[in-house]
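The structure follows.
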């Protein structure tokens with residue numbers, strides 16, 4: 001069974017609900033995109049609308065790509081974390097309901113990944129319980145919440161409930177908040193995405209979130225951003241600088257090694273590095289479907305690696321089955 | 001560590017210049033600039049203690065040479081720490097500060113010609129003055145390279161106002177060692193020393209990305225650019241640049257070749273801390289594009305650079321010789 005753990009769905013109703021309330025400064029990644037990027041993205045969304053919304057269109061692509069099961073998560077541009085305490089929980093509930101609808105459309109081919117109104121932790125805790133009741137094995141969380149980093153104490157009850165419910169976290173950035181120098185060349189995405197993950201995960205580690213919640217399982221998409229390839233700089237700083245040792249006693253890379261990494265790294269030798277460093281049992285097929293920054297042929301990428309047949313099987317579906325409990 | 005050819009050359013090491021600091025002091029006081037005073041209070045405190053502790057290494061050539069002997073380094077290619085690039089000074093004062101730095105380096109090199117070479121400073125806040133000083137470094141002082149930062153007061157190095165500088169650098173065949181200064185938008189980098197730990201590789205990633213996408217490397221393929229810290233994040237994750245280049249017209253933007261081809265024109269130092277990471281750089285970019293660097297004398301540096309190179313699996317003796325000094329000797333004409 002092949003499983004794609006990194007795909008996106010749009011829920012147009014949720015965009016309609018939030019649009020009247022949105023201020024440009026609420027979405028810094030869009031704010032800092034160049035006009036040509038915005039135009040290109042709008043055109044892409046228009047052409048790919050079916051793929052973002054219609055399970056039947058997705059099934060055609062899945063069959064073509066050789067994907068048996070998609071984990072279906074919201075597109076990160078629909079987190080709407082800036083919505084107020086009245087609107088945000090209603091938006092998240094509608095989004096999760098729609099994701100459940102896609103799962104129900106073709107059971108066995110789609111698995112739900114919930115979204116949480118992260119800026120309102122009490123509501124997020126309640127929504128996490130509802131997500132578990134919907135039968136979803138995971139939630140998707142942004143790499144920051146309106147610029148607040150995820151190790152902020154306000155999020156502590158959310159990590160606790162996710163750990164309690166056994167919901168896997170798929171950490172998915174929406175881009176970097178301070179993106180003034182990332183406007184050209186789509187760097188808001190090309191650099192902004194891996195940077196956001198790097199910043200978020202480093203803070204989760206150094207802020208002690210994984211230390212306090214050892215039962216928390218987390219998948220980092222885009223192969224873990226930059227951190228997965230350059231953890232030695234954090235370890236070196238940890239050894240030499242007291243600022244890093246405020247909340248943890250073990251090397252940062254030890255916490256990193258307990259996380260999972262998707263395949264959206266484009267090059268076979270990058271996949272090999274992930275597997276060598278974190279174990280083939282910590283690498284998961286993920287494509288970023290249907291975005292243009294995604295992998296069109298993930299199985300070919302896996303086939304191009306020098307990994308063993310059993311490692312390839314783990315990556316293409318075995319690990320996801322285990323982690324998300326898909327065998328049951 | 002006697003298994004490499006001599007000289008072993010350190011491309012990434014710093015020496016402060018007191019005379020330049022004195023020139024910059026009135027403006028530094030006015031603007032509230034202090035060396036390494038970024039991040040949270042704990043970071044500021046640690047850095048203050050460190051600067052005091054490092055003073056003898058900065059001031060005494062004998063202390064420095066003893067450290068080099070211990071580390072197995074024969075020649076340091078000296079540059080000022082990035083907080084002494086002083087791009088925030090006006091052009092005239094900036095030129096005076098650069099001249100002070102370069103004269104100071106030249107004096108040290110002259111006193112110990114077998115142990116030091118200079119990587120000069122140029123006041124890029126005033127590109128004409130920078131070109132003047134670059135020429136002086138090359139013709140009068142005998143330097144074969146300069147150090148510049150990853151951006152100049154927020155302007156990317158690909159900004160058209162630096163085009164004449166790159167032309168002159170290429171013409172004079174000078175090495176350019178690019179070293180980050182603190183990330184320009186550090187709002188989320190205050191804690192945990194992120195301004196350095198994440199900010200430095202990010203600055204290098206942005207800088208290399210702009211030199212590539214804005215066409216500087218296409219126009220000046222003969223540039224000999226060495227990036228500190230192994231080039232930051234970009235060399236290890238170039239696939240994302242290439243994918244975007246092929247997938248999107250707002251990325252490719254008329255650039256004739258995929259980004260990774262230009263990336264391969266750069267040189268990288270060994271300051272990546274880990275043998276696996278260093279092995280990756282060498283395998284991907286070639287043993288002729290990786291140069292020993294230590295970040296001496298700072299705490300984010302490498303005390304045993306030859307040991308790190310020796311830990312990398314599968315290197316030939318020739319590879320090790322190139323990385324330990326051969327490449328630097330070739331680029332710097334030593």
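The values are calculated or read from the model by the stated rules, or taken from the named source; none is laboratory data. If you're wondering where the values come from, they're calculated on a predicted model, not measured in any experiment. Heads up, the Cβs are rebuilt from the backbone with ideal geometry, glycines too, and the neighbour counts pull from every protein chain shown.
Anything in region A:156-176 that is over 14 Å from residue A:118 (Cβ atoms) and assigned to a loop (DSSP other than H, G, I, E, B)? List them, or say none.
A:166, A:175, A:176
Taking region B:147-157 on its own, how many of its residues are free of Cβ contacts under 8 Å to residues at least 60 places away in the same chain and surrounded by 21 or more Cβ atoms within 10 Å (Cβ to Cβ)?
Selection size over region B:147-157: 3.
Another question, if that's okay. List the number of the failed condition for residue B:257; all other conditions in (1) more than 14 Å from chain A (Cβ to nearest Cβ); (2) over 26 Å from residue A:35 (Cα atoms) hold.
Every listed condition holds for residue B:257 apart from (2).
If the requirement is being surrounded by fewer than 20 Cβ atoms within 10 Å (Cβ to Cβ) and closer than 21 Å to residue A:218 by Cα, which of these qualifies: A:44, A:77, A:110? Give the steps one after another, and end with the answer.
Working: A:44 fails: closer than 21 Å to residue A:218 by Cα; A:110 fails: surrounded by fewer than 20 Cβ atoms within 10 Å (Cβ to Cβ).
So the residue among A:44, A:77, A:110 that is surrounded by fewer than 20 Cβ atoms within 10 Å (Cβ to Cβ) and closer than 21 Å to residue A:218 by Cα is A:77.
Continuing with the same structure: Looking at (1) more than 21 Å from the chain's Cα centre (by Cα); (2) loosely packed, with under 15 Cβ neighbours inside 10 Å; (3) at pLDDT 95 or above, which is the only condition residue A:17 fails?
With (1) more than 21 Å from the chain's Cα centre (by Cα); (2) loosely packed, with under 15 Cβ neighbours inside 10 Å; (3) at pLDDT 95 or above applied to residue A:17, the lone miss is (2).
Now a separate question. Examine region A:271-293 for a residue that is within 13 Å of chain B (Cβ to nearest Cβ), part of a loop (DSSP other than H, G, I, E, B) and free of Cβ contacts under 8 Å to residues at least 60 places away in the same chain, and state whether such a residue exists.
no
Are any residues in region B:203-233 out of contact with any strand residue (DSSP E or B) (no Cβ under 8 Å at 6 or more places or on another chain), assigned to a loop (DSSP other than H, G, I, E, B) and either away from every other protein chain (no Cβ under 14 Å) or at negative phi (or both), and if so, which ones?
B:220, B:221, B:222, B:233
Mind listing whichever residues of region B:260-275 are free of Cβ contacts under 8 Å to residues at least 40 places away in the same chain, within 10 Å of chain A (Cβ to nearest Cβ) and in a loop (DSSP other than H, G, I, E, B)? Before the answer, list the steps.
Here is the first cut: in region B:260-275, the ones free of Cβ contacts under 8 Å to residues at least 40 places away in the same chain are B:260-261, B:264, B:273-275.
Of the ones still in play, those that are also within 10 Å of chain A (Cβ to nearest Cβ) are B:260, B:273-275.
Scanning region B:260-275 gives B:273, B:274.
Still on this model: So which residues in region A:200-231 are outside any helix (DSSP H, G or I) and either in contact (Cβ under 8 Å) with a residue 60 or more places away in the chain or more than 9 Å from every other protein chain (Cβ to nearest Cβ) (or both)? Show your work before the answer.
Of region A:200-231, the ones outside any helix (DSSP H, G or I) are A:207-208, A:213-221, A:225-226, A:230.
Across region A:200-231, the qualifying residues are A:208, A:213, A:214, A:215, A:216, A:217, A:218, A:219, A:220, A:221.
Still on this structure, I have one more. Out of the residues in region B:192-202 that are at the interface with another protein chain (Cβ under 8 Å from one of its Cβ atoms) and more than 20 Å from residue B:267 (Cα to Cα), which is nearest to the chain's Cα centre (by Cα)?
In this case the residue turns out to be B:196.
Looking at the structure I just gave you, is residue A:197 at the interface with another protein chain (Cβ under 7 Å from one of its Cβ atoms), buried (at least 21 other Cβ atoms within 10 Å of the Cβ) and touching a residue at least 40 places away in the same chain (Cβ under 8 Å)?
On the way: at the interface with another protein chain (Cβ under 7 Å from one of its Cβ atoms): no; buried (at least 21 other Cβ atoms within 10 Å of the Cβ): yes; touching a residue at least 40 places away in the same chain (Cβ under 8 Å): yes.
Judged against the criteria, residue A:197 is not a match.
Just to be sure, is residue B:179 more than 8 Å from chain A (Cβ to nearest Cβ), within 20 Å of the chain's Cα centre (by Cα) and over 23 Å from residue A:201 (Cα atoms)?
Numbers: more than 8 Å from chain A (Cβ to nearest Cβ): yes; within 20 Å of the chain's Cα centre (by Cα): yes; over 23 Å from residue A:201 (Cα atoms): yes.
Yes; evaluated as a whole, the condition is true for this residue.
Follow-up question, since we're still on this one. In the set B:308, B:322, B:315, which member is assigned to a helix (DSSP H, G or I) and surrounded by fewer than 23 Cβ atoms within 10 Å (Cβ to Cβ)? Don't jump to the end; show me each part of the working.
Numbers: B:322 fails: surrounded by fewer than 23 Cβ atoms within 10 Å (Cβ to Cβ); B:315 fails: assigned to a helix (DSSP H, G or I).
None of the others qualify; the one that does is B:308.
Would you mind listing the helices (runs of 4 or more DSSP H) fully within region B:1-118 where at least 3 residues are in contact with a helix residue (DSSP H, G or I) (Cβ under 7 Å, 6 or more places away or on another chain) and closer than 26 Å to residue B:327 by Cβ? So that I can check it myself, show each step before the final result.
On the way: elements: B:18-31, B:41-59, B:61-71, B:91-111.
The helices (runs of 4 or more DSSP H) meeting that bar are B:61-71, B:91-111.
If a residue must be assigned to a helix (DSSP H, G or I) and either farther than 22 Å from residue A:202 by Cα or without any contact (Cβ under 8 Å) to a residue 12 or more places away in the chain (or both), how many such residues does region A:110-155 contain?
Narrowing region A:110-155 to residues assigned to a helix (DSSP H, G or I): A:121-133, A:153-155.
Filter once more, so that each one left must be either farther than 22 Å from residue A:202 by Cα or without any contact (Cβ under 8 Å) to a residue 12 or more places away in the chain (or both): A:122-133, A:153.
Qualifying residue count, region A:110-155: 13.
Then there is this: In this structure, is residue A:234 part of a helix (DSSP H, G or I), in contact with a helix residue (DSSP H, G or I) (Cβ under 6 Å, 6 or more places away or on another chain) and facing another protein chain (nearest Cβ under 9 Å)? Steps first, answer last, please.
On the way: part of a helix (DSSP H, G or I): yes; in contact with a helix residue (DSSP H, G or I) (Cβ under 6 Å, 6 or more places away or on another chain): yes; facing another protein chain (nearest Cβ under 9 Å): yes.
It is true that residue A:234 is part of a helix (DSSP H, G or I), in contact with a helix residue (DSSP H, G or I) (Cβ under 6 Å, 6 or more places away or on another chain) and facing another protein chain (nearest Cβ under 9 Å).
Determine whether region A:121-132 contains at least one residue that is farther than 24 Å from residue A:7 by Cβ and either within 12 Å of chain B (Cβ to nearest Cβ) or in contact with a strand residue (DSSP E or B) (Cβ under 6 Å, 6 or more places away or on another chain) (or both).
We begin by selecting, within region A:121-132, every residue farther than 24 Å from residue A:7 by Cβ; these are A:121-123, A:125-126, A:129.
The next check asks that each one be either within 12 Å of chain B (Cβ to nearest Cβ) or in contact with a strand residue (DSSP E or B) (Cβ under 6 Å, 6 or more places away or on another chain) (or both); those that pass are none.
Within region A:121-132, not a single residue is farther than 24 Å from residue A:7 by Cβ and either within 12 Å of chain B (Cβ to nearest Cβ) or in contact with a strand residue (DSSP E or B) (Cβ under 6 Å, 6 or more places away or on another chain) (or both).
Check region B:276-290 and report whether any residue there is facing chain A (nearest Cβ under 9 Å), free of Cβ contacts under 8 Å to residues at least 40 places away in the same chain and either touching a helix residue (DSSP H, G or I) at 6+ places or on another chain (Cβ under 8 Å) or not in a helix (DSSP H, G or I) (or both).
yes
Here's something else I'd like to know. For residues that are within 21 Å of residue B:246 (Cβ to Cβ), buried (at least 23 other Cβ atoms within 10 Å of the Cβ) and touching a residue at least 24 places away in the same chain (Cβ under 8 Å), tally how many sit in region A:175-189.
Number of matching residues: 5.
Continuing with the same structure: Collect the residues in region B:163-191 that are closer than 25 Å to residue B:272 by Cα, in contact (Cβ under 8 Å) with a residue 40 or more places away in the chain and either in a helix (DSSP H, G or I) or touching a strand residue (DSSP E or B) at 6+ places or on another chain (Cβ under 9 Å) (or both), keeping them in residue-number order.
Listed by number, the residues that qualify are B:174, B:175, B:176, B:177, B:178, B:179, B:180, B:181, B:186, B:191.
State yes or no: is residue A:266 free of Cβ contacts under 8 Å to residues at least 60 places away in the same chain, surrounded by 22 or more Cβ atoms within 10 Å (Cβ to Cβ), facing chain B (nearest Cβ under 10 Å) and in a loop (DSSP other than H, G, I, E, B)?
Spelling it out, residue A:266 is indeed free of Cβ contacts under 8 Å to residues at least 60 places away in the same chain, surrounded by 22 or more Cβ atoms within 10 Å (Cβ to Cβ), facing chain B (nearest Cβ under 10 Å) and in a loop (DSSP other than H, G, I, E, B).
So which residues in region A:144-184 are in contact with a strand residue (DSSP E or B) (Cβ under 8 Å, 6 or more places away or on another chain) and over 20 Å from residue A:220 (Cβ atoms)?
A:154, A:181
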